[in-house]
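Down below is the structure, laid out as structure tokens.
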Amino acid sequence: MDIYTTIDSPLGEILLVGDGSALTRVSFDVDVRPEWRRGTFAEAERQFSEYFAGERTSFDLDGVTRGSAFQERVWAEVAALPYGTTTTYGALTARIGAPRDRIRAVGAAIGANPLLVVRPCHRVVGVDGALIGYAGGVERKRSLLTLEGVLQQQLWSVS
């Protein structure tokens, strides 16, 4: 039986779901299933708090994913992306040894990432640097990349 908890973050509520020993889902979609029971993920909660405070650059959490062999290959490459950097869908496709015509398949695999933020798919951008394709929403992607120092915080003034 899966357990879940929700945590507050600067980007809104985050849903953590796991099987008791490892995370199986991290999402900004907090749709809780009736068969799940509330629990706690103390270590994950601590690491998320440190990440959003700028004190942590990577997560050290057990995660269990259930993807195809192709998805797992893509997700492993995404997990290896260093804090404060970005890559493009094309570069990621080349890194896993897939032909260029598989860029859309790579994008679909990234979009199916069940461990948002922990497996940093927000670090994958369009070839022109455009912030596209994030399951948590483009504004959250922008905020995560700003937190990591990739983007400058935008200051708005009203005249």
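The values are calculated or read from the model by the stated rules, or taken from the named source; none is laboratory data. Quantities reported herein were computed from a predicted structural model and do not represent experimental measurements. Ideal geometry is used to build each Cβ from the backbone, glycine not excepted, and the neighbour counts take in all protein chains shown. To get the accessible areas, we keep the full protein, side chains included, count just its heavy atoms, and leave off ligands, DNA and RNA. Shrake-Rupley method; radii C 1.70, N 1.55, O 1.52, S 1.80 Å.
The table that follows gives values for the structure above.
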{"read-out": "Percent of beta bridges antiparallel (DSSP, the chain, rounded to nearest 5)", "value": "60 percent"}
{"read-out": "Carbon + sulfur, % of accessible area of the stretch 1-92 - ligands and nucleic acids excluded, 1.4 Å", "value": "46 percent"}
{"read-out": "Chymotrypsin sites (Phe, Trp or Tyr not before Pro) restricted to DSSP loop in the stretch 60-159 with at most 12 other C-beta within 10 Å", "value": "Trp156"}
{"read-out": "Check: the stretch 1-138 dipole with +1 on Lys, Arg Cβ and -1 on Asp, Glu Cβ, in debye", "value": "500 debye"}
{"read-out": "Per residue convex hull volume, Cα atoms of the chain, in Å³", "value": "126 Å³"}
{"read-out": "Cα gyration tensor shape for the stretch 63-110, rounded if a/c is under 1.5, else prolate or oblate", "value": "oblate"}
{"read-out": "FRET efficiency, Ala53 to Asp19 (Cβ-Cβ, R0 35 Å, nearest 0.05)", "value": "0.80"}
{"read-out": "Solvent-accessible area per residue for the stretch 12-103 (1.4 angstrom probe, square angstrom)", "value": "54 Å²"}
{"read-out": "For peptides 125-132, 113-120, sequence by mean Cβ density within 10 Å, most packed first", "value": "113-120, 125-132"}
{"read-out": "Pairs of alpha carbons in the stretch 32-79 whose separation is greater than 17 Å (percent)", "value": "57 percent"}
{"read-out": "With at most 11 neighbouring Cβ atoms within 10 Å, loop GluC sites (Glu not before Pro) (DSSP) excluded, longest segment of the chain", "value": "56-159"}
